[in-house]
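The values are calculated or read from the model by the stated rules, or taken from the named source; none is laboratory data. Worth saying up front: this structure is predicted, and the values here are computed from it rather than measured. So basically every Cβ, Gly included, is an ideal-geometry build from the backbone, and we count neighbours across all protein chains shown. Heavy atoms of the whole protein, side chains included, go into the accessibility calculation; ligands, DNA and RNA do not. Shrake-Rupley method; radii C 1.70, N 1.55, O 1.52, S 1.80 Å.
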Amino acid sequence: MAKIKLLSPAKINLTLGILGKRADGYHEISSIMQPVDLFDEITVDVCEPEGNVISISSSGLKVPNNKENLAWRAAELYKERTGLKSDISIHINKKIPLGSGLGGGSGNAAAVLVGLNKLTGLLKEKDLLDLAPRAGADVAFFISSITSLAEGIGERITLLKDFPLYYYVLICPHLSASTKGVYAEWDKINTDANGGNYYGPMKQVPGPDDFRRSGGTLPIYNDRQPAAISLYPEIDAYIKVFKSMGARNIQMTGSGSAVFSVFPESKEAAEIYDYLKTSPTFDVYLVKGIKGWHRLI
């Protein structure tokens, strides 16, 4: 019937605070996230119904081509919500490293929701945002793909439309970090003598103006980083690689394993990227923050 191809971006967590643990086991967070121009390519094909089925194929980096893939879950939720009876075929050209904290899987799920809705027009954007958390915690952020403050488990999104866009050098180890494992380690580290979790005082979340007037040092932080380093010491080693080159504003994104350094201008970022890009032990990317919907190809 109809086909659409979209670019599905990665994201950077400039801030990531853990506020508490809910009764359902999920952790409440507060995070400023910025989409960047490292993309997967997602093709969504809505076909004449034969068996009312969903299928996934892939190229590039290896991903599950079944119900374990968040893109499959997104298509399934869209069909349930709208009553769409057509077959849905999804192809993912995967370029964003898996287990890196860059949100590739969540972005793919959002791209499927956006693509299906562009093809069928059955839902409003508000409906997509309501549906997104059922596909994954960060999926709502990628529906708009604008720098945002994400709260709750990532489903409550406040757009920060005037937020500055930065350049990033990303080091992606050949290592897949487990978000579930990092949270479990965080709980272990932050358990008090009575068996309860201690979260400390709530951080004041910086706004766009705080990032503009901070000079050379940006107000970035990631509460998951100590737990991730405890499980994956390599992450700290790559932070030290950046430090050895004189880079500032260095941090892990998400639950890892990717580490980034932030730059207001492209020149210094390009110099560090050019030095690191031939490394045989990790992948390196030079990317920039973006603003806007998943771009059509």
Heavy-atom accessible area per residue - the chain, 1.4 Å, Å²: 45
Taking all pairs of distinct alpha-carbon atoms in the chain, Kirkwood radius in angstrom: 19.7
Three semi-axes of the equivalent ellipsoid, region 62-209, Cα gyration tensor, whole Å, largest first: 29, 20, 18
Exposed-site-free run, longest, the chain (rule: trypsin sites (Lys or Arg not before Pro); DSSP loop; at most 11 other C-beta within 10 Å): 214-297
Sites LEU159 and ARG248, calculated FRET efficiency, Cβ-Cβ separation with R0 35 Å, nearest 0.05: 0.80
For region 40-125, average projected area of the Cα convex hull in nm²: 5.3
Rounded percent of accessible protein surface that carbon and sulfur make up, region 106-228, 1.4 Å probe: 51
Projected-area average for region 80-126 over all orientations - Cα convex hull basis, square nanometres: 4.2
Listed residue pairs exceeding 28 Å between alpha carbons, taken from LYS5/LYS62; LYS85/LYS288; LYS11/LYS85; LYS67/LYS118: LYS85/LYS288; LYS11/LYS85
Check: the chain dipole with +1 on Lys, Arg Cβ and -1 on Asp, Glu Cβ, in debye: 260
Computed Kirkwood radius, in angstrom, where 1/r is averaged over Cα pairs of region 203-297: 15.0
Dipole of the chain, positive end: most advanced residue of GLN225, ALA150, LEU286 [Cβ charges, Cα centre]: LEU286
Cleavage-rule hits (GluC sites (Glu not before Pro)) in region 1-107: DSSP loop, at most 15 neighbouring Cβ within 10 angstrom: GLU50, GLU68
Listed pairs LYS180/LYS203; LYS95/LYS277; LYS126/LYS161 exceeding 20 Å between Cα atoms: LYS180/LYS203
